[in-house]
Each structure stands twice: as structure tokens, then as C-alpha cells.
Amino acid sequence: MDIQSTIETDIVRCIAELYPVNPGVVQLSPTKKEFEGQYTFVTFPYTKILRQAPAQIGQAIGTWLVENSVVVSGFNVVQGFLNISVAGVVWVDKLNEIVHNPSFGILPQKGQSVMVEFSSPNTNKPLHLGHLRNNFLGDSVSRILAANGYDVVKTCIVNDRGIHICKSMLAYRMFGTDASGRAETPESSGMKGDHLVGKYYVLFDKAYKAQVEEMVTQGLSGGRTPGVPVTKEEAEKSAPLMLEVQQMLRLWEQGDPETKALWNQLNGWVYDGFAVTYKSIGVSFDKTYYESNTYLLGKEIVEQGLQKGVFYRKEDNSVWIDLTEEGLDQKLVMRADGTSVYMTQDLGTTALKFQDFHSDRQIWVVGNEQDYHFNALFAILRRLGTEYANDLYHLSYGMVDLPTGKMKSREGTVVDADDLIQETIDAASTSADEAAKGKLAEFSEAEKTTLFQMLGLGALKYYLLKVDPQKRMQFNPAESVDLHGNTGPYIQYVHARIRSILRKAMEMNIILDDTVAVTQLDDVEQQLIFLLSQYPQHVNDAGKAYAPSYIAQYAYELAKTFNQFYDKLSILKETDRVKLHARLILSEVVGETIRKAMGLLGVEVPEKM
């Protein structure tokens, strides 16, 4: 039985019988915690059509429901809010229904496919804190959509070419060899490949800024006479290092063997480093695309658009599109020297992804700093008349800040993902040791290592996912591993507590019945079952909003309510066999639902802590 739908139908019947008018669609919401009941019906919108005060309407409907509904046992009215209580026997039936439904929380198949593109790393630096929010968000949204019945394809586009990549390459060519002529490698430096290449990206930026500052100070600009004033903007454009980088990109696009060899070498190091990080955070992709393989298709699309009149060429040979009708502006799609820009690549990648999978919808998980880019991309694809242009969505999310402020890769002020993961694991181990009070002595070293990794990653993922995706947030490692409050380790601990209870029940030779047979339930038991019954709806809502935060908040509320249940009622010491079995079964279902919910966040839960 769908309890909420049953009550909504009963309210429609009630209004038709008492007034009689057609109330239209009736919707309930969960009752606020400070009031008695499980569902609330708001009567304010009906005062005009029913010609009564809100509280009077609530009183009349509540009385009718108690007398006529098979699920309603009581009610209370607070101004225009009718708070409805459901009969205990109905909650018992609901618990039994959940117990006998192994696919509880997995919604019916939609017969539609969705592609989720996330991560999108650049091969000039390692993954950092911002990438972690992106990866966790994309992975979790993929899991949630799969639970909603969609066929999900997870893809990643690697930005492996362009000016930013050439900056690392040029810096390595300039600074990567010592006095003896030995080139630095991941093996010789003891650094992961992505960290090593990122080091040279920072070195380029330092050298470039110094060059620009010198040009501004001395009045040097692209061969101009010393002493002639030059602006910073002029210096940035004409600095020798920038000109060298631009030439390197042109050589790359022309297929210059030496340039391509250096590019392959550095990118290979980065890919090896990325693979280690992805494995450690439990993220994988069904297919990875590379900008180096898609930008040429993007160029073809630009040429086709020129022939159709969608794009236009300026006197300097650069290619543009006028998007002022869409509330945007003129957008560059190809440089004057014929090299591609991000837009060129994205046009090609989007077309290639559709050719490969024909997904009903494509979703990009990319930070809100790129909102304009995606508005322009989608507008261009509509102008081009592509068949998939109206099935594209940018899942825009807020940036992650540190307590010290915004991160900048080129200045070396980022927190590398690998370092942050290890820091959180170390913090989790310290927090767990302090809370365990010697209980971890029964764990082997391997078990402790596994547990601390599970807690650290759980803390990191949950902290970054519990916030609404669109909100900017600040990450606090110490707060994330707290075993109290709204954290991943707190929920993981509750799951471990439940598993401990069930193990002790087995040691006591308590064999659980297949069916709950109690006739009366405590208020906290009813609240637990109510929360359990809401799980499919939360999965549905999270899928519609692409919001893992809905699942995170649900998991926390369920864990917190279980602790209230655990503190208030005896479980293993209960002498009434029927109540004992009911509480054990309820505990088991709560534990399994916590595991499922946290699984949608990509978070594992331990059997013991």
C-alpha cells in the first residue's frame, strides 16, 4: 500500500462528500518534527473554494478521515495545517511489505538512457579538491539515475591538448634537465606523474609572470625599443614565453614529431597518476574521450556551419557566431591561426558521444564558472539543427574553497586530491582511535587499514555531497571525520552498530521470523518505518533534481532516528519475543537501507567499528 497516495485519495473523497467541490490535485508533505503525525495537509489554498477558515477545514477533514479512512488513526490542526497520524497496524504492514521486497528503493526501468560526463581533467596537473567534488557528484548522480531506472553511461573527456598543456611541456623542456643532462622523470623524482607535470605548470607560470613584470618595468614588448611604455595586457600577449607556447600548439596541430613525442611522454605520466587516484576514490568510466581525438571533428562542424551561414569569419580569419538573439554575445569558435578552442572541441565531443551511444539525454557535470560556456554550446547546437540539441543539460555546481580561500592551479595553491585523501584518512584513523577506547585492539592491521580508508573516503565524499550541488562550499577536513553530527563516519558508525546488534542476536541463537507480528508500535518505531517508507520517494526526488544531497540528508535523518530508537527501547534485552523479533527486523531493514542510501553516494559502510 502507498500510504501517502491512499490518504490523498481519501481527502479528495472527503472534500467531494462534505462540500461538495472538486479540489483538484491534493498533495501531502511530511509533518514537521515538532508536531505529532506523519503527513501534513495544508488547507490555506482551499479557503476560497470551500468558503471556510483554514483551521475549520482542517478540523472537518481530520474528523472525516478518522471515521472513514482505513489508514488514519488521529489528527491535530495547527492553524491551516492538518497533521495526520497513521494507524500503527498500517506501519506494521508497511514494514512487512519492505521486508519482502528485495528491490525496495530501486524504481522501475524507464526505457531511456542518460549519459553523465564528469571529471574532465587537464593533463597539465593532478586532480585537486575541486575535481573531487566533481567526481563524487558525477559518480553519485550516475548511481541515483540508475536506481531511478535509467540506463546510465559514465563518460570522461580528458583535456589533453591546448595552450595549458603546452605550458607544462615548454617548462619541462626548459627546466626538466639537470646540469648533467639527466631529464627528471616520475621514477627519478619519486613523484606521481601527474604531480610531476603539475610542478612544471607552476614553474611556467612563475617564469611567465616574471617575464611580463620585467617587460612592463623596462618597457619591452615584442621587439619594441627599450624604455617605451607597455601595458601589462600588451606584455602578456607578446611575452616571448607566451609566443613560444602558441608556436608549440601550432607545431602540435601540424603533427611535428618532436612536439608530439614530448606530449605523449608527459601525458603518459599523467594518465598513470590519474589511474591511481581514480582507483583510490572508487570512480570509473564506461568510456573516456580525449580532446586530441575530438577537436578535428569539431573543426569539421565549424566548417559545415560556415557553409550554412551559422558561423562567420572575421578579417583576421578567426571564426565566430553571433548569439545576441539568445541573450549572449559573439562567441569565438576557432582562432585566426586555425587552432581550435574549447568550444571547437566540445562541438566535436558532443557529436561523437551521440554517435556512439544515442543517449536520450546528455548531462555535463561542470562547475558554475562554465555556465556561460554551456549556454553558448547548447545555443550553437540548436542553431546547427542537431537532433540532440534539446536533450542537453549542464549540471552546474559551486566551487569548493579552503579556509584559506580559492584554489589556483597555476600558482601552486591547490590541495591535491591525493594529499587530501590521505589527510582525511589519517584524520579518520585518529578520530576512530579516540572514540574506540581500546576496541580497535581486536582488529588486525589490515582490517584497521581497510576501516580507516573506508571512514576517510566516506567522510570526504559525504561532506562534499551533503551540500546542495549549486551552493559554493568550504571544505573542513577535521569537521568531516567527526563521529558526531551530520557526517559520513556518524552514519557509518550507526550501520556498524546495527550489524553488531544482529551478530549478537545470532550468537544468542535468535532466529528472525519472516514477518513482523506486533500489533502495537512505539512512536519512534513508527517514525523509523515512516522514514523507511519515504526512501523510494527520496531516490525519485534526487534523480529529478540531480541532487545527491537529498540522499545524504535522508541517510543522516534515518541514522539519527535509529539512534533515538536504540536509546529509548530495549532490543536484545526485550523479554517479549514478538517485540524482540520486530525490533531486530526493523533494525536489519534500517541497516540495509542505510547501506543502499550511502551506496548511492559511493560510500561504503563497515560491518564493525
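With respect to Leu50, determine if the residue is touching a Cys at 6+ places or on another chain (Cβ under 7 Å) and of a type outside the set (Lys, Arg). Walk me through how you get there before you give the answer.
Values: touching a Cys at 6+ places or on another chain (Cβ under 7 Å): no; of a type outside the set (Lys, Arg): yes.
Considered against the rule, which asks whether it is touching a Cys at 6+ places or on another chain (Cβ under 7 Å) and of a type outside the set (Lys, Arg), Leu50 comes out as no.
Scan segment 335-378 for residues that are farther than 15 Å from Asn159 by Cβ and small (Gly, Ala, Ser) and jot them down.
Correct list: Ala336, Gly338, Ala351, Ser359, Ala376.
Do we have any residue at all in segment 501-516 that's in contact (Cβ under 8 Å) with a residue 12 or more places away in the chain and of a type in the set (Ser, Thr, Tyr)?
So far as segment 501-516 goes, yes, one or more of its residues are in contact (Cβ under 8 Å) with a residue 12 or more places away in the chain and of a type in the set (Ser, Thr, Tyr).
Check whether at least one residue in segment 69-92 is surrounded by fewer than 17 Cβ atoms within 10 Å (Cβ to Cβ) and under 19 Å from Gln534 (Cα atoms), and report yes or no.
Yes.
Would you call Ala428 at pLDDT 90 or above, aliphatic (A, V, I, L, M) and in contact with a Pro (Cβ under 8 Å, 6 or more places away or on another chain)? I'd like the intermediate steps shown before the answer.
Details: at pLDDT 90 or above: no; aliphatic (A, V, I, L, M): yes; in contact with a Pro (Cβ under 8 Å, 6 or more places away or on another chain): yes.
So Ala428 does not fit the description; no.
Six or more apart or on different chains, Cβ under 6 Å: which pairs go from a residue in segment 1-21 that's surrounded by 14 or more Cβ atoms within 10 Å (Cβ to Cβ) to one that's among the polar types (S, T, N, Q)? Could you list them?
As it stands, the answer is Asp10/Ser69, since those pairs meet every condition given.
When only residues in segment 34-58 that are without any contact (Cβ under 8 Å) to a residue 12 or more places away in the chain and in a loop (DSSP other than H, G, I, E, B) count, which is farthest from Gly88 (Cα to Cα)?
So the residue we want is Arg51.
Got at least one residue in segment 281-300 being at pLDDT 95 or above, in a helix (DSSP H, G or I) and within 17 Å of Phe118 (Cα to Cα)?
Taking every residue of segment 281-300 in turn, at least one turns out to be at pLDDT 95 or above, in a helix (DSSP H, G or I) and within 17 Å of Phe118 (Cα to Cα).
Is at least one residue of segment 71-79 outside the structural domain of Lys33 (by TED's automatic domain parsing), of a type outside the set (Asp, Glu), closer than 30 Å to Val516 by Cβ and not in a helix (DSSP H, G or I)?
Filtering segment 71-79 for residues outside the structural domain of Lys33 (by TED's automatic domain parsing) gives none.
Among the residues of segment 71-79, not one is outside the structural domain of Lys33 (by TED's automatic domain parsing), of a type outside the set (Asp, Glu), closer than 30 Å to Val516 by Cβ and not in a helix (DSSP H, G or I), which makes the answer no.
Kindly provide the set of residues from segment 505-526 that are more than 17 Å from Glu588 (Cβ to Cβ) and either in a helix (DSSP H, G or I) or not polar (S, T, N, Q) (or both), ordered by number.
Taking segment 505-526 and keeping what is more than 17 Å from Glu588 (Cβ to Cβ), we get 519-520, 522-523, 526.
Listed by number, the residues that qualify are Asp522, Asp523, Gln526.
Say whether the condition of being part of a helix (DSSP H, G or I) and either of a type in the set (Ser, Thr, Tyr) or not assigned by TED's automatic domain parsing to the domain that holds Ala559 (or both) is met by at least one residue in segment 494-504. Spell out the reasoning first.
To start, the set of residues in segment 494-504 that are part of a helix (DSSP H, G or I) comprises 494-504.
From the residues that got through so far, the ones that are either of a type in the set (Ser, Thr, Tyr) or not assigned by TED's automatic domain parsing to the domain that holds Ala559 (or both) too are 500.
Among the residues of segment 494-504, at least one is part of a helix (DSSP H, G or I) and either of a type in the set (Ser, Thr, Tyr) or not assigned by TED's automatic domain parsing to the domain that holds Ala559 (or both), which makes the answer yes.
Checking Gly111 against (1) among the small types (Gly, Ala, Ser); (2) part of a helix (DSSP H, G or I); (3) over 30 Å from Cys14 (Cα atoms), only one condition comes out false. Which one?
(2)
Run down Tyr535, Tyr566 and say which single residue is within 21 Å of the chain's Cα centre (by Cα) and part of a helix (DSSP H, G or I).
Answer to the check: Tyr535.
Quick one: would you say Gln112 is touching a residue at least 40 places away in the same chain (Cβ under 8 Å) and surrounded by fewer than 17 Cβ atoms within 10 Å (Cβ to Cβ)? Don't jump to the end; show me each part of the working.
Numbers: touching a residue at least 40 places away in the same chain (Cβ under 8 Å): yes; surrounded by fewer than 17 Cβ atoms within 10 Å (Cβ to Cβ): yes.
Yes; evaluated as a whole, the condition is true for this residue.
For the condition in a loop (DSSP other than H, G, I, E, B) and in contact (Cβ under 8 Å) with a residue 12 or more places away in the chain, what is the one hit in Arg161, Arg173, Arg143, Arg133?
On the way: Arg173 fails: in a loop (DSSP other than H, G, I, E, B); Arg143 fails: in a loop (DSSP other than H, G, I, E, B); Arg133 fails: in a loop (DSSP other than H, G, I, E, B).
When all the criteria are applied, what remains is Arg161.
Tally up the residues in segment 332-361 that are touching a residue at least 24 places away in the same chain (Cβ under 8 Å), surrounded by fewer than 21 Cβ atoms within 10 Å (Cβ to Cβ) and in a strand (DSSP E or B), please.
1
The values are calculated or read from the model by the stated rules, or taken from the named source; none is laboratory data. Values in this document were obtained by computation on a predicted structure and should not be read as measured data. Neighbour counts run over all protein chains shown; Cβ positions are idealised from the backbone, glycine included.
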